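Derivation of every value follows stated rules applied to the coordinates shown; laboratory data play no part. Computed from a predicted structure; not experimentally measured. Methodologically, a virtual Cβ is constructed for each residue, glycine included, from the backbone with ideal geometry; neighbour enumeration extends over all protein chains shown.
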Amino acid sequence: MKRKFNIWEGNFIYTLLAIVIGFVVGAILLSVAGIDPSVAYGSLYEGIFGDKKYIVYSMVYAAPYILTGLSVAFSFKTGVFNIGAEGQFVVGSLAAVLVGLFVDLPPVIHPIVCMLAAAVAGAIWGGVVGLMKIKRGINEVLSYIMFNWIAYYLSNYIVISKSVKDESVEATRLVKDSARTLMSDKMVIATGCPTVNWGFVIATVCAIALWFIITKTTLGYQLRAVGLSKTASEYGGISSSKIFMSSMAISGMLAGLGGAVHTLGMTGRISQFAGQESFGFDGITVALIAGSNPIGCIFSGLFYGAMKYGGNKLTLVNAPKEVVNIIMGTIIFFIAIALLFKRIMVSVSEKKNSDVKSAKED
Amino acid sequence: MDVFVKDFGLILNAMLISTPPLLLAALGSVFSEKCGVVNIGIEGMMTIGAFIGAIGAYYTGNGWIGFLLGGIAGMVFGLLHAFACVTCGADQTIAGTAVNFIAPGLALFLCKALFTSSDTPALNTASKLPKMFSGVFKPGSFGYNVFGTYSVVYLSFLLVAVIWFVFYKTRFGMRLRAAGEHPEACETLGINVYRVRYACVLLSGFLAGLGGAFVTLATVSQFRPTVIVGQGFIAIAAVIFGKFTPQGAFLGCILFGLCNGLKTVLSASGSSVSPNLLSMIPYVVTILVLIFFVGSARVPAANGKPYIKSK
């Protein structure tokens, strides 16, 4: 018998529902704090869609989140939890900025070399953790957390070192113009956004490439097999340590690339950190909202980037921008417990179907 | 020799102050991980504990009440996590990530709503947690640095022994360890896995909240957005380092605290090495100790797997 398509079996409807609930919870909190939610959400909406410049800014904001989201989503496929995307993002930014500062190359080639350096740096940062897991059995979550902080202080050390630091601000000097991924002046005038750059395009291409690798290649098959059952895939002749290694290195590469896209595109430099910037941790959220689907990461990254960008404007109506974090957290929470609703809804709708069927048979 | 003793006292002092938040949170994390529920929400639970602890002490003028309220605030988020992970069978990493967003978000949101600032007003000494033996030791002496510190420091060390006892010598301890290894078998023996896991996750939230409250009520004396950043994750790391046992987590936290103390004293002594490099010491040492001495940790078998009661 051909099964009828049941909307309650997919994940999409629950994600949508979670987003609605997230905004409702945010609205309740805002009213409790004495802020009219319609005013706050109105300014959030205006801040994202009010001007084409804002929309472009949201896309600029989204690019690094899409890449760290892809990094985490990719690691989830192999059953690894890349909580180290944070550190990989930082070393990626560092590599990109250093190559952008000290190497002389023609435009177009220069940013490509910077991004390659960032990808390699991220891959090494993630790969070393993989190596420790395979050779010494060290739990990767633990080493990822340590490596995040080592990257953090390494970056601060380099940023304020004499040859790198800018004279007037607590940050590196700006990278050479040839290394930036900014779009042409024509685009800047057309969009009204001075930092409009290729980051979003690069992130989208990466998402599609990753989707292809995961679903259409032998490597992707092996990755998913190890993720589902390490022992079964070993039995089937897949070397799980090799797969873990490649998964963790590729995952690190993506986060590193995220760092390059952010620094070469939007900021042009790295500032001294006062606290973890959270691009990597936010990648976890992006990956979760996307259900670890690479194509989904484009959209959840856009959503996240837009909320981050628009959230900044909440201060204009005196609403704490942290409400965005609460909304995001609530969304993830309801995505997490959606399983419960799913079980209920699927069983209800199947019961209905079988009732209909048995009624027909009668 | 005197200088050496004095410096050693300073290192110990810095260690004693930086260890309790990690230790309390790590003990909480052990409860949760051991019963089969991964709790990366520890970070968020610490943050809300830090905030509620600070405003609790601010409004009541009593550090102990603030401390307790901080624990309860952490427990509320423990309840949220337990509801998702135990009742709903949710993915524990996702639920924990949600807690890490909601709890710090709420803390900052409330802080701005109450004080129109992201910092709470500074607490005076009377409404902070008390120190021990005031007036007994000469300020700056070894005894003053090591014993004249907050009483919660030593209480948290005592708690390690208590929790060790609970884990290995009581019925509840045996049940919680069993629930983390083989929940189906537990249920066959008539143990209510849901109830055990709820209790453990609530406890983990409570302890993490206490850990967070220690930061604002002892170390920093106010809530700021940066008071916790990352300490919850370090606590989780200490638990993995300690192979998911309370005593092991204790050693992990002590190692970390000692490195922290060393870093503090070195950077205060005007060492020519960059403070950023000194700050790496705890993390690099942890990695080296892991590679050369500790090796792999066996994760509780049912850890991270939602257990759904069969009808």
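For A:Lys162, which lysines qualify as cross-link partners when the Cα separation must be under 24 Å and same-chain residues fewer than eight apart are set aside?
Within the straight-line cut-off, A:Lys162 pairs with A:Lys176, B:Lys263.
Once the dipole of chain A is set up with Lys and Arg at +1 and Asp and Glu at -1 on Cβ about the Cα centre, which of A:Met59, A:Val205, A:Gln88 lies farthest towards its positive end?
A:Val205
Of the cross-linked pairs A:Lys77/A:Lys242; A:Lys135/B:Lys305; B:Lys34/B:Lys305, which ones have a Cα-Cα span greater than 18 Å in the structure shown? Let's see the in-between values first.
Working: A:Lys77/A:Lys242 15 Å; A:Lys135/B:Lys305 26 Å; B:Lys34/B:Lys305 12 Å.
In this structure, A:Lys135/B:Lys305 lie more than 18 Å apart at Cα.
Using modelled amide H (1.01 Å from N, peptide plane; none on Pro or chain starts), what sits under 5 Å from the amide H of B:Tyr150, excluding residues fewer than 5 places away?
Placed amide hydrogens put B:Met132 under 5 Å from B:Tyr150.
When the chain is fully extended, how far beyond the present Cα-Cα distance does B:Ser117 get from B:Val299, taking 0.36 nm per residue of separation? Present the calculation step by step, with values, prior to reporting the outcome.
Values: separation 182, 0.36 × 182 = 65.52 nm, distance 4.21 nm.
In short, 61.3 nm is gained.
Need one value for B:302-309: mean number of C-beta atoms belonging to other chains within 10 Å of its residues' C-beta atoms.
Working: counts 0, 0, 1, 0, 1, 0, 3, 0.
Mean partner-chain Cβ count within 10 Å for B:302-309: 1.
Just check the range A:231-362 against the gyration tensor rule for me: Cα atoms, a ≥ b ≥ c as the square roots of the eigenvalues, rounded for a/c under 1.5, and otherwise prolate or oblate depending on whether a/b exceeds b/c.
Working: a/c = 3.29, a/b = 1.37, b/c = 2.40.
Since a/c reaches 1.5 but b/c is at least a/b, the shape of the range A:231-362 is classed as oblate.
Which whole-number percent gives the relative contact order of chain B, counting Cα pairs below 8 Å spaced six or more residues apart?
Numbers: 613 pairs, mean separation 113.8, N = 311.
Relative contact order comes out at 37 percent.
Could you run the Karplus curve 6.51 cos²θ - 1.76 cosθ + 1.60 with θ = phi - 60° over the range A:60-71 and give me ³J(HN,Hα) per residue in whole Hz, x for Gly and Pro?
Along the range A:60-71, the couplings run 4, 4, 5, 3, x, 5, 4, 5, 5, x, 4, 4 Hz.
Quick check on chain B: helices-only [θ] at 222 nm, where DSSP H runs of length 4 and up contribute -39,500 (n - 2.57) each and the sum goes over total residues. Nearest 500, please. Please list the in-between numbers first.
Details: 13 runs with 208 residues, N = 311.
About -22000 deg cm²/dmol.
Net charge near B:Tyr144: determine it from the other residues with C-beta under 13 Å of the C-beta of B:Tyr144, scoring Lys and Arg +1 and Asp and Glu -1.
Details: positive: B:Lys6, B:Lys131, B:Lys138; negative: none.
Combined, the nearby Lys, Arg, Asp and Glu give +3.
Using +1 on the beta carbon of Lys and Arg, -1 on that of Asp and Glu, and nothing else charged, what's the dipole of the range A:287-355 about the Cα centre, debye to 20? Please list the in-between numbers first.
Working: 7 positive and 3 negative charges, 10 e Å.
Rounded to the nearest 20 debye, it is 40 debye.
Mind checking which of A:Ala260, A:Ala62, A:Ala171 has the largest fluctuation in a GNM of chain A, springs on alpha carbons under 10 Å?
Sorting by GNM fluctuation, first place goes to A:Ala171.
How much length is gained on full extension from A:Ser229 to A:Ser349, taking 0.36 nm per residue of separation minus their Cα-Cα distance? Please list the in-between numbers first.
Values: separation 120, 0.36 × 120 = 43.20 nm, distance 3.11 nm.
The A:Ser229-A:Ser349 span can extend by a further 40.1 nm.
Count, for each residue of A:279-291, the Cβ atoms from other chains sitting within 10 Å of its Cβ, then give me the mean as a whole number.
2
For chain A, what is the calculated [θ] at 222 nm in deg cm²/dmol (nearest 500), taking -39500 (n - 2.57) for each run of four or more DSSP H residues and dividing by its residue count?
On the way: 14 runs with 258 residues, N = 362.
Computed mean residue ellipticity for chain A: -24000 deg cm²/dmol.
Across 20 Å bins from 0, what is the distribution of all Cα-Cα pair distances for chain B, in whole percents?
Calculated P(r), rounded to whole percents: 33, 56, 10, 0.
Please give the peptides A:248-255, A:179-186, A:65-72, B:13-20 ranked by average Cβ packing (other Cβ atoms within 10 Å per residue), highest first, as a rough proxy for protection. Numbers along the way, then the final one.
Values: A:248-255: 29.8, A:179-186: 17.2, A:65-72: 33.0, B:13-20: 22.5.
Per-residue mean Cβ counts within 10 Å order the peptides as A:65-72, A:248-255, B:13-20, A:179-186.
Using r as the Cβ-Cβ distance of B:Ser271 and A:Phe102, and R0 as 30 Å, what FRET efficiency do you calculate, to the nearest 0.05?
On the way: r = 29 Å, r/R0 = 0.95.
Efficiency computed from Cβ-Cβ geometry: 0.60.
Going by Cα centres, the range A:64-98 and the range B:1-36 are how many Å apart?
One Cα centre to the other: 31 Å.
I need to check one value: relative contact order of chain A, counting alpha carbon pairs closer than 8 Å and at least 6 residues apart, in percent.
Details: 605 pairs, mean separation 128.9, N = 362.
Normalised by residue count, the contact order of chain A is 36 percent.
At q = 0.05, 0.07, 0.08 Å⁻¹, work out log10 I(q)/I(0) for the protein assembly as shown with the Debye formula, treating every Cα as an identical point scatterer and leaving solvent out; two decimals please.
Here the Debye-derived log intensity ratios amount to -0.24, -0.47, -0.62.
Using a 4.7 Å Cβ cut-off, which Cys residues in chain B lack a partner cysteine?
Result for chain B is B:Cys85, B:Cys88, B:Cys111, B:Cys186, B:Cys253, B:Cys259, no neighbouring Cys Cβ within the cutoff.
Across peptide B:129-140, what mean number of C-beta atoms from other chains lies inside 10 Å of a residue's C-beta? It would help to have the intermediate numbers written out before the result.
Working: counts 0, 0, 0, 0, 0, 0, 0, 0, 0, 0, 0, 0.
Rounded to a whole number, the mean comes out at 0.
Using the Cα centre as the reference, give the magnitude of the dipole from point charges on the C-beta atoms of the range B:87-244 (Lys, Arg: +1; Asp, Glu: -1; all else neutral), rounded to the nearest 20 debye. Display every interim value, and only then the final one.
Working: 12 positive and 5 negative charges, 91 e Å.
Computed charge dipole of the range B:87-244: roughly 440 debye.
For chain A, report the translational diffusion coefficient in µm²/s to the nearest whole number, using Stokes-Einstein at 20 °C, 1.002 mPa s, and a Kirkwood Rh over Cα pairs.
Details: Rh = 21.9 Å.
Estimated diffusion coefficient is 98 µm²/s.
In nm, give the distance between the simple-model label positions of A:Leu16 and B:Thr87, each being 7 Å from the Cα along the Cα-to-Cβ direction.
Once both label points are built, they end up 2.7 nm from each other.
Rounded to the nearest Å, what's the spacing between the alpha carbon centres of the range A:324-354 and the range B:205-231? Just the number, please.
Cα centroid to Cα centroid, the span is 34 Å.
Given A:Lys230/B:Lys309; A:Lys186/A:Lys308; A:Lys308/B:Lys112, which pairs have Cα atoms separated by over 22 Å? Please report the intermediate quantities before stating the final value.
Values: A:Lys230/B:Lys309 26 Å; A:Lys186/A:Lys308 27 Å; A:Lys308/B:Lys112 18 Å.
Checking Cα-Cα distances, A:Lys230/B:Lys309; A:Lys186/A:Lys308 exceed 22 Å.
Just add up the charged neighbours of B:Leu290: K/R +1, D/E -1, any other residue whose Cβ is under 13 Å from the Cβ of B:Leu290. Write down the numbers at each step before the final one.
Details: positive: A:Lys133, A:Lys135, A:Arg136, B:Lys243; negative: A:Glu140.
My count for the surroundings of B:Leu290 gives +3.
Which peptide among B:284-293, B:141-150 comes first, and what is the full order, when sorted by highest mean count of other Cβ atoms within 10 Å? Could you put the intermediate results ahead of the total?
Details: B:284-293: 15.5, B:141-150: 17.9.
Ranked from most to least packed, the peptides come out as B:141-150, B:284-293.
Considering only C-alpha atoms, what is the centroid distance from the range A:201-247 to the range B:42-86, in Å?
41 Å
Report ³J(HN,Hα) in whole Hz for each residue of the range B:259-275, in order, from the Karplus equation J = 6.51 cos²θ - 1.76 cosθ + 1.60 where θ = phi - 60°; Gly and Pro get x.
Along the range B:259-275, the couplings run 4, 4, x, 4, 4, 4, 5, 4, 6, 6, 7, x, 5, 7, 6, 4, x Hz.
Place the peptides B:79-89, A:225-235, B:54-64, A:204-214 in order of packing, highest mean first, counting for every residue the other Cβ atoms within 10 Å and averaging per peptide. Before the final figure, lay out each step's value.
On the way: B:79-89: 22.5, A:225-235: 15.2, B:54-64: 20.5, A:204-214: 17.3.
Descending mean neighbour count gives B:79-89, B:54-64, A:204-214, A:225-235.
Considering the zone a paramagnetic label at A:Val113 would reach in this model (a point 7 Å from Cα along the Cα-to-Cβ line), which residues of the range A:171-204 have amide N under 11 Å from it?
A:179
At B:Ile291 and A:Val169, where each label point lies 7 Å from the Cα along Cα→Cβ, what is the point-to-point distance in nanometres?
So the two model labels end up 3.6 nm from each other.
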